[in-house]
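See below for the structure under consideration.
The values are calculated or read from the model by the stated rules, or taken from the named source; none is laboratory data. Everything numeric here is computed off the predicted structure, so don't read it as measured data. With ideal geometry, Cβ positions are generated from the backbone for all residues, glycine too; neighbour counts draw on all protein chains shown.
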Amino acid sequence: MLEQAHRAAEQGVNLIVFPECALCGYPPEDLILKRHFLEAAEQELESLALELPPSLTALVGIPIQGMSKPRNAAAVLSEGKIAACYAKHHLPNYGVFDEQRLFEPGERPLVLQIGGIRVGLHICEDSWVKEISHADLLRGLHLDLLINLSASPFHRGKFPERLDVLASTCTSLNTPLAYCNLVGGQDELVFDGGSLFLDASGKQTARAKRFEEDLLIQDVVQSAETDASAMRLPEGVDWLVLDPSSIDPCPPLPEPVIPQPESELEEIYRALCLGLRDYTEKNGFNSILVAISGGIDSALVAVAAADAIGPERVHGISLPTRYSSEGTRSDAVTLAENLGIEMPMIPIQDLFEANLALLGPLWAGRNVDVTEENLQARIRGTLVMALSNKFGHLVVATGNKSEMATGYATLYGDMCGGYALIKDVPKTLVFQLCTWINEQAGSERIPQSLIDRPPSAELRDNQQDSDSLPPYEELDGILARYIEQDKGRDEIVADGFDAHTVTRVIRLVDGNEYKRRQAPPGVKITPKAFGRDRRVPITNQFRPTPPTPYTKET
């Protein structure tokens, strides 16, 4: 933050804005409940105030102690001290947000007068509610600028929604808006940045980069009709006048450039890479290990890992059995060569047979079933975790959302790992992303034969995913409606899906919550991801599907 502040001061900036909870990270979750955490944050804030360039005023997101609970606040740092604090009024309590349990809301608006410019403050949700926080008061103050400090996490389709909300705020208050959004990955969440300026009509006038840190500078001119010095302040508003003598004219700025919007596939892929890189590096891992099967899921994970932290820090491992086809083995080797990552191949057939010989007497007389399939996956899980222990690699699991939803994954097998990168990426989207990656490269970074091959776990002879699951195009449509849109069986059937298939998919989803509860975290991509977004009890007997009527045929 100091580095950016000094960089801004060198360019003549008078006021710098950092995102919501920028000093501690968002969401701080139950760290907020620890008094020593709040005290440490306050100490850091005081140190930051002392070390800022003297010509600069800073707005910094930080949790502070309130009356009964902490508050989600924006601190105003000026002349080496904490000059004022604004507390967030509207606390979101949906999806990934849990603020009403942790914070108490603020009550009063704060207006800054800086060299004749009047600035109002919002924090994230304050601009998202239909009744904008203290809208009548703020309109009456004739603000020259409203600043929103935000930590708005990414999911597909979020950016245009965010623009619409902010534009509505501008037009409602008839004021320009400076929106400062967090950027980076924290556990499952990725914050995509994209800070921006909007004029009073809601039109973008400048935008920062997305998925990377950036410093966006823009002039703000006095546009209010009423002279601030003559304005009678209404009740219920905190007012802070900062020394205008420290405000020097800003040098001319270049014409702002508004970047072209990213395609949906590009922003999803960049979110995956940012989330994986930050999870790896912020948690102290120097390298990543991916079990590369020659299938499309592990291919996507391997490419994203190489792009996220560099191929020299990514390690592959291939662990085939007799069920692994020559095609998948060959594609795994080609993929590793294309990415420039090492990938030893260690056949595990002997280990598999040794396990069968050991366990066989215990289940004598029982038929071969999914047990033998899962055993292969669990041998692989044991080996990759041993390599993780020995070398300190972060094992990245390769299961996608369609598999996580239906339980088409093996506990302590392919679900092993410290991070499950694509656990919120449906299978159909996995195919789209792999095709997009090759299009962007202008070559087959991912072998086309790998993309074209029918998906298979290769845990028994001639196995295909379609033996156990509906076609992914149909499955993902049902899953999106049931998981992300919370539709019931009858509503999904009314959308044109086969009733028997819908019933079966819903039962698979409901019956595999216990598996998902034990899965590693992974990047949130869809509007509703497993984990933070969707919390249901493992032990429950609610079945939102009609019972099958008993007949002799049944």
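If you take the residues of region 467-509 that are under 24 Å from the mean Cα position of the chain (by Cα) and of a type in the set (G, A, S), which of them is farthest from A529 (Cα to Cα)? Out of the qualifying residues, it is G477.
Please pick out the residue among V165, V183 that is more than 22 Å from I117 (Cα to Cα) and at pLDDT below 95. It is V165. Filtered by the rule that a residue be part of a helix (DSSP H, G or I) and either exposed (fewer than 12 other Cβ atoms within 10 Å of the Cβ) or modelled with pLDDT under 80 (or both), region 226-271 gives A228, S229, A230, P244, S245, S246. Counting only helices (runs of 4 or more DSSP H) that fall entirely inside region 349-424 and contain at least 2 residues that are touching a strand residue (DSSP E or B) at 6+ places or on another chain (Cβ under 6 Å) and in the same structural domain as A271 (by TED's automatic domain parsing), the qualifying elements are 370-391.
Which count do you get for residues in region 415-461 that are among the β-branched types (V, I, T) and surrounded by fewer than 16 Cβ atoms within 10 Å (Cβ to Cβ)?
Residues that pass the stated criteria total 1.
Scanning region 448-464 for residues being out of contact with any Gly (no Cβ under 7 Å at 6 or more places or on another chain) and within 18 Å of Q432 (Cα to Cα) gives a total of 5.
If you go through region 122-129 one residue at a time, do you hit one that is among the aromatic types (F, W, Y), within 20 Å of A74 (Cα to Cα) and assigned to a loop (DSSP other than H, G, I, E, B)? Within region 122-129, one or more residues are among the aromatic types (F, W, Y), within 20 Å of A74 (Cα to Cα) and assigned to a loop (DSSP other than H, G, I, E, B). Looking at (1) in a loop (DSSP other than H, G, I, E, B); (2) within 15 Å of P19 (Cα to Cα), which one does A200 not meet, given that it meets all the others? Exception for A200: condition (2). When we screen R380, R329, R366, R322 for residues that are closer than 26 Å to Q432 by Cα and charged (D, E, K, R), the only hit is R329. In region 497-534, the qualifying residues are those that are over 30 Å from R162 (Cβ atoms) and charged (D, E, K, R), and the one that is surrounded by the most Cβ atoms within 10 Å (Cβ to Cβ) is K515. Pairing residues of region 322-346 that are free of Cβ contacts under 8 Å to residues at least 24 places away in the same chain with residues that are surrounded by fewer than 19 Cβ atoms within 10 Å (Cβ to Cβ), at Cβ distances under 8 Å and at least 6 apart in sequence or on separate chains, gives V333/M345. A residue that is out of contact with any Ser or Thr (no Cβ under 7 Å at 6 or more places or on another chain), assigned to a helix (DSSP H, G or I), under 23 Å from P520 (Cβ atoms) and not assigned by TED's automatic domain parsing to the domain that holds V384 cannot be found anywhere in region 465-479.
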